[in-house]
1. Can you tell me the Rg and the Dmax, both Å, for the Cα atoms in the range C:98-231?
2. Please sort through the DSSP H helices of chain D and keep those with an alpha-carbon extent of at least 30 Å along the long axis and a Kyte-Doolittle average not below -1.0.
3. Count charges around B:S144 for me, please; just the other residues with Cβ under 14 Å from its Cβ, Lys/Arg as +1, Asp/Glu as -1.
4. Label C:L6 and D:F46 with points 7 Å out from Cα along Cα→Cβ: what is the distance between them in nm?
5. Between A:V167 and A:M72, what length comes free when the chain is fully extended (0.36 nm per residue of separation minus the Cα-Cα distance, one decimal in nm)?
6. Taking GluC sites (Glu not before Pro) as candidate sites, keep only those in a DSSP loop with at most 11 other Cβ atoms within 10 Å, then name the longest stretch of chain D containing none of them.
7. Which Cα, out of D:T554, B:V125, B:T49, lies furthest along the positive dipole direction of the protein assembly as shown (beta carbon charges, K/R +1, D/E -1)?
8. Placing unit charges on C-beta atoms (Lys and Arg positive, Asp and Glu negative, everything else neutral), compute the dipole magnitude of the range A:16-205 about its Cα centre in debye, rounded to 20.
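Bear in mind these aren't lab numbers, they're just calculated from the coordinates by the rules spelled out. The model shown is predicted, which means the values in this text are computed figures rather than measured ones. A quick note on method: Cβ atoms are made from the backbone with ideal geometry, for glycine too, and the neighbour counts reach across all protein chains shown.
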Amino acid sequence: MSHAAAMSASRPMEGMKIYNLKLGMWVFLLSEVMFFSSLIGAYIILRFAHPEQWAEPNTVLNVPLTGFNTFMLICSSVTMVKAFAAIEHGDQAGLRKWLIATIILGAAFVGIQVYEYIKLAQHGFVPGAAAYAAEGGPLYGSTFYTMTGFHGAHVTIGVLALIFTAVKAFRGKYTSTDYGGVEIMGLYWHFVDLVWIILFTIVYLI
Amino acid sequence: MRRSLEAMALALLFAAASACGGGGDADTGGEVATDEEVGPAVSPDSAATVTGVVNFTGTAPPGEPIDMSEEPTCAEKHPDGATTEQVVAGDGTLGNVFVYVKDGLGSRTFPTSSEPVTLDQDGCVYHPHILAIQTGQDLVVKNSDGILHNINTQPTVNQGFNVSQPVAMETTRTFASPEVMIPVKCDVHGWMEAFIGVQSHPYMAVTSTDGTFRLENLPPGTYTIEAWHQRYGTQTQTVTVAAQGSGEVTFEYSADMAGRPVPMGEPIDLHDHGSDQRVAHAGR
Amino acid sequence: MNWNWLLPEPVSTFGSEIDSIYYLILVITGIIFVLVEVALVVFMVKYRHREGRRAEYSHGSTRLELVWTVVPFVLVMVIAWMSMRVWLEAKVADGHAPADALSIRVAAKQFEWNVTYPGPDERLDTADDFVKTNQLHLPVGRAVRIELTSDDVIHSFFLPEFRVKQDAVPGMTIGVWFEATTAGEYELACAELCGLGHYSMNASVTVHESEAFQSWVSEEGGQTPAVETPAPPDTSAADLEAASTTPPSGEDHSSHQPASDGKERA
Amino acid sequence: MSTVPVEVGHPSVQHWAEPGHRDDRSFLRKYVFATDHKVIGAQFLFMSLFFLLVGGALAMLIRWQLGWPGTPIPGGAILGEAKAPGGIILPEFYNSLVTMHGTFMIFFAIMPLLVGVFGNWLIPLHVGAADMAFPRLNMASFWTAVPAGLIMLSSFFVTGGASAAGWTGYAPLSAVPEYSGVYLGQKLWCISLIVLGFASLMGAVNYITTIVNMRAPGMTWMRLPLPIWSLFITAILVLLAIPVLTGALILLLFDQTIGTTFFLPPDGGQPLMWQHLFWYFGHPEVYILILPAMGIVSEVLSNGSRKPIFGYRFMVYATIAIAFLGWVVWGHHMFQSGMNPYLGATFMTSTMIIAVPSAIKVFNWLGTMYRGNIHFHVPMMNAIAFVAMFVIGGLSGVFMASTPVDIYIHDTYFIVAHIHYVLFGGSLFAIFAGIYYWYPKFFGRLMSPLLGKIHFGLTFVFYNLVFFPMHNLGLDGMMRRIYDPNQYEFLQPLQPVNTLISVSALLLGAAQLIFIFNFVWSLKAGKKAPANPWNANSLEWTLPSPPPHGNFTTMPTVYRGPYEYSAPDRETDFWPQSEPPGTRTGGRREEVHA
């Protein structure tokens, strides 16, 4: 008990590989992997069954714009790392600065995605068979919106969580010995980023 | 914790709301016609009558044989084979034509007949084949065969129902709004088919083989009368009747009219987002 | 009702082979079942608590563990190996179905089986094809190759005495083959929940002697009753459907629409 | 001995129980929005027992229809014109009944009973922790499961009725309202299961973190009680399987609502894709439903036999093996689905292999009883019944695993018999064993042994009368999920058997009332429970019944495995895990409360 009490809660410590919050987040991310792989699996099955329903890249989707969007998301991962590095060295100002940067980049990603959705919808590229009017077939639209949509939702949740983290950061809740919140936030954010890189490849490039 | 509270509340709401929805299951879209206040009844001294006949020229195609060997119970009821009833023609006349006042009654409202109309399933055939019913009037669907039938109505404006009758039994339903025509089918016996014409007023009839029909107790006025045949399409006539007077209407059908588009509701769209609402209303 | 765990008499060529696998498994599992349950009861009696009794203090034996890991493994592998051949013979229609097999098309829909017979020329999609609803007629002693499809939901084509079962999946054409060995009257059942009429989605199966089958085909194939041809013919139903109930999105869309597909029936 | 540090989620360390400290939490925090794993376990217990009753009631209606087809249920008219006019169950309602019976029993009864109840009750106590790693997440898990259940329940009352596409929800039947005649109900079914998925997920994260991180000093992996091993593997399966179901359900929901066509052929959708996704979740699910039961039974058998569990390590290895193999056998649910037959052949092989670990477990249980000193207390009886019944369920599985035989018995009552021998004869008997065994620990009172024995006896007899004949029905070709077998000539001779089964089923249902009475009555009037009524070894028995909030006053230290029974040269025949070595007189011996 005594040595347990002595330990600070959310920092790795001798004898322990990984602390609760972090382990919990890793475990949660595992299930997220399974969720996205079910969607991606469905996508692959359908696309192999009906290649004719898919149009060439760039005919329907705006690849350059999304490419830029992807770049921004990758940058946001970098800023997240910077934020984490900052707090590891107790640099509060750095933490806040980089968190804000990450929030901005994340929000921008969501914004551009929404803009893209609107454009696509005007083009007749919609989920569902009834109103589908773009190149390719209804499955194209359905799978596109399902996969990018659920990723978008994850990014949005991530941005909200980031804002929450930032607020705590501005309240000085994190220290060089207690940065669990920032670290698991980073884990989640990198995961979302990673998923997007996969989605971007299979949805936009192939 | 607060979140979970809300979740609870939401779920309870669900349960409550749906419970209300459930109560009404029995009477699909009932009441409607009944709760409008009834307009001035047609005074007998001014009541007029429209009679008429539906003539038919050319040779009527014979009813096509129905193979019921898969359903012995029904086959037995048709010792000399069953045939389809789409064209029931008499001597130069056409039966199974739905005739009704399409226009001219203005804003008048009429009491709903308390007499139920029966659609009987006997020998895997609907009796009658064409059925006229008022909004809100009870439709009693009867299963005289004692084998599984399901009554699958596919209206456009009304709330459809698809209910099964595993044993000899009766099911009562009503229709809320006028519609011409509502197809009825049985998914267990592909050949079974009937059509229901719904009007908010009582001025409608189905011609018998001799092609005649009679619309009684009409208020004096000018009316558009429409005749509907499932195969030969629709025709309209206008007739004016004075108080206590009577009018004659004659519809002319011929065999070569077959295949013309017959006005009928669009089918339920598979992905019609309204589908829930449509059903939900029924439960009111 | 059998309480003796015997299967009904098979009436198809591979039926008896399937049954032999079944009986093999029945014997193996039966022996294991008896041994285990008996051991259980014996232990319960023999080692029940009595005053002054103390249980043996042992944590197990690796040797035993290996034994009861390897033995079951070998047993199930034997069963799997023996099953494999019969399975492929019964299920892989092309390759295993004889070349002279008679082709029949079965289209399942809520809630009936529409069977398209090739007619006298024994070729599908020709003028003399004819459709029978809920009636499956087969020749004895000749392989039949069924092209199984579904118009709406998943059904399952189940011929108990023939040891034939295959789901009918919309959007797929699945080959099923078997060869009847005994003439007689049987039943075709739907084994996959398909809606409110699922339980009554049965059809009569008649296995004719071969010449009787020929005569049946010629008499049925001779007349082509409008009601029974597959393509929507001149029946009024088809007219008004074609005219009014096909949604703008086109044929393919309507084909999985009960509203209209019910009416495409002819 | 390992020194895995102990600390609860950020920022506090574990709050151990403080002796003499009066618990001043408000009623709400204590019993409603509680974070104490013991209370949450109890909450899960009451919720899932309720849904167990619901599922049972549905089963009674099903059996009524099959036993006396078309006969009005006495007073059945209250079900309403749309479900049972005049008490005669309509086919569409019957389909809802079979669907919801399966759904409730699997997702809202057996699963929460095994994972929710015993996971919460046992994990922190067995590993020697004050509570779960994330107590508030734990609370959220329960309060997410409740609305899920209510949504599912509410679907009975919406127009069109509850889902009628089978608990497996095969598309297109489940995707197109016009096919099933079910409108809102089918959507509620999807939504409810998606919501429940979140609850399961939160639970799994908690369990895994707690078991990995919060084991007391000395509680090495190979000293974990077997229920914890089972729950650990189960949590991993839940963690990885549930998201796949969620994904599939979302696609299905889209097909129903926004007009996508993932599973609708005319626009290129793939009906079989639903089956692959569903069973990819579904087969691990099968083991989610049986592994914890196996753990509980191992615990009780060893205790009842007063003998160390036979081959502890092999039990663990078998559990792990099942967890791995469980992912490569899903196709055996789809042999007749139109899946490529060669693929089916490979699935047959993997399925045959997965039978081996189960066999190992059965033999180990026998080995545990061999030369034991068997006390027939009520939990023990249920545990032995589990072994006896699970053997039948396991062996009948081999028939289905053999693809050619499966051609004939697939979708017949043989599979119905099989699943009920595993889930009722298996899981449910284990659940009874577990409840009788740990009830005193968590409610502080013993359930009446007499009533317990009567309940067990009746349940065992009628259970077998209900489900064993179903094998024969299946062998005679009776399909599952049919409203009235008499529609088929070849099934008409079976009607007497169906009636027999229905009579037994009604009696089986009635027998459960004894359990309910015993459960409720003992809460108030039961004999006060001592700390260790069964003379068991694991950590929870060193605590008072019920244990205080925070469980242990100080972090326990573990010196040995949990199954050290009848160790030589000890006076007592048990040896608590936390008892320091050297002492010969173990914890004070209780009269075993048989």
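1. Cα radius of gyration and Dmax of the range C:98-231 are 13.9, 39 Å respectively.
2. Correct list, ordered by number: D:37-67, D:184-213, D:226-257, D:341-369, D:378-401, D:449-475, D:495-525.
3. -4
4. Each label point is offset 7 Å from its Cα along the Cβ direction, giving 5.7 nm.
5. My answer for the length gained is 31.9 nm.
6. D:1-570
7. Checked the options; the winner is D:T554.
8. 580
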